[in-house]
Amino acid sequence: MYTDFAPILIFIFFALLLIGALFVLQNIISPKQNKGGDKLNTYECGEVPEGSAWVKFNIRFYVVALIFIIFDVEILFMFPWAVVFQKVGLLALVEMLIFLLILIVGYAYVWVKDDLSWVKMTVRYGRGRYAPLQKKGSDS
Amino acid sequence: MDNLHSYLIISSILFSLGLFGVMTRRNGVAVLMGIELILNAANLNFVAFNRFGGMAELDGQVFGIFIIVLAAAEAAVALAIIINLFKNHETVNIDSADQMKG
Amino acid sequence: MAEVAFIIIAAITLASAFFVVFSSNLMYSGVALFFTLFGVAGLYVFLYADFLAATQIMVYVGGIMVLILFGIMLTNKIASTDLRQANRGRFMAGLSAFILFLLISAIAVTTQWHTGSPQFLDTTVAKLGMMILYQYLLPFEVASILLLAALIGAALLSRKK
């Protein structure tokens, strides 16, 4: 069976080969002198780089990653279920529905608690569909 | 190479390395990495015994799936605790978490 | 050919596991853990566990590693690249871990394990599905409760107050 995975191995091998070849190539054709100063700087879209790249993230990234991994695991159980679904029939459907219903409780929880909305936005002048975003107390 | 002993030795090396990491590291995230190594070593053992025990039943692989599920839940909660520790104490050194009320 | 691949994958796994434990920079440890988890997925392929290998990539490499990297990024002060951390008791810990390794591998090599002649399945996914739906039905349903508890608990802990 593991010969089925040989294409993946070949793929990884050629990916590494390509990256290595590009490094060797740029080492050959790039000029040896005139390396220094701004050329060794971090490229930040032409701007002068500011601070380190390793900054502290907003914690909301973590909450989203957390929700992702829980439902990632849910999907993992659905693959073998989907393969045998036709053979087992209704029983499989009921079992998976129980599994999903329990997890949907968690989904509803994070939805109600506003963990899914990325920007908790308020606007000063809200008209039409932006009206609910308007801050209370400010005039329109 | 394709025998049970080589897999058992690989998994025992992984386990010892993970244990060493858990014992020496003081950073909470690094301790978690050691725990992941230990879990992977255990998982490798389950799957190796399942394969060389005949593969008539796949109990070892089902155990492996449940261990991965447990590892996901454990990592999520552990990192939330570590982030909270950092918010309250400005450190991730797990030795500094020695109070019941932060 | 398969043997060479096995040796290379095992070597990558163990070398990057060493790097995870001994690197003094936490970010490098995290990236090395990627390679360890990939290597273990490769070893699963050699053990005829195709679904488990895919699961390892999907959940460990795609999920848990991302969480761990977020954990590293979230627990360092802004603009501080110094992710070094104090290590203590290296000698005693190394000695005890090494003795434990010798003990485990001695037991693993000397014991007469009961090994059957393997039947090679074409793919394990269908059989795993039957086992999860019948034999392991209760753990399967309880796993969802575990995931629910983990989701609610971790979301509650990490919410911005």
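Values for this structure:
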item: Estimated dipole of the protein assembly as shown in Debye, rounded to 20 [Cβ of Lys and Arg +1, of Asp and Glu -1, Cα centre]; result: 1580
item: Dipole-positive endmost among A:17, C:104, C:117 within the protein assembly as shown (Cβ charges, Cα centre); result: A:17
item: Ratio Rg/Rh [Cα only; Rh per Kirkwood] for the protein assembly as shown; result: 1.01
item: Number of partner chain Cβ atoms within 10 Å, mean per residue of A:22-29; result: 0
item: Peptides B:89-96, C:52-59, B:27-34 ordered by average Cβ neighbours within 10 Å, highest first; result: B:27-34, C:52-59, B:89-96
item: Relative contact order computed over chain C (Cα-Cα under 8 Å; 6+ residues apart), in percent; result: 19
item: For residues of C:2-14, the mean tally of beta carbons on other chains within 10 Å; result: 3
item: Net +/- balance of residues flanking residue A:99 in space, Cβ distance below 15 Å, scoring K and R +1, D and E -1; result: -4
item: Chain B, dipole about Cα centre (Lys/Arg Cβ +1, Asp/Glu Cβ -1), debye to the nearest 20; result: 240
item: Dimensions in Å of chain C - Rg and Dmax from alpha carbons; result: 20.1, 58
item: Kirkwood Rh and Cα Rg combined as Rg over Rh, evaluated for the range C:1-77; result: 1.04
item: Point-charge dipole on Cβ atoms (K/R +1, D/E -1) for the range A:10-112, about Cα centre, debye to 20; result: 280
item: Modelled FRET efficiency - R0 25 Å, residue A:112 with residue C:141, Cβ distances, 0.05 increments; result: 0.55
item: The range B:4-93 - percent relative contact order, Cα under 8 Å, separation 6 or more; result: 29
item: Per-residue average of Cβ from other chains inside 10 Å of C:109-116; result: 4
item: Approximate spin-label separation residue C:122-residue A:15, in nm, with each point projected 7 Å along Cα-to-Cβ; result: 2.9
item: Tensor-based shape of the range B:4-93 (alpha-carbon gyration tensor, a/c under 1.5 rounded, otherwise prolate or oblate); result: oblate
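Taken together, the values in this text are just the output of simple stated rules run on the coordinates, not laboratory data. What you see is a predicted model, and the numbers here were worked out from it, not measured in a lab. So basically every Cβ, Gly included, is an ideal-geometry build from the backbone, and we count neighbours across all protein chains shown.
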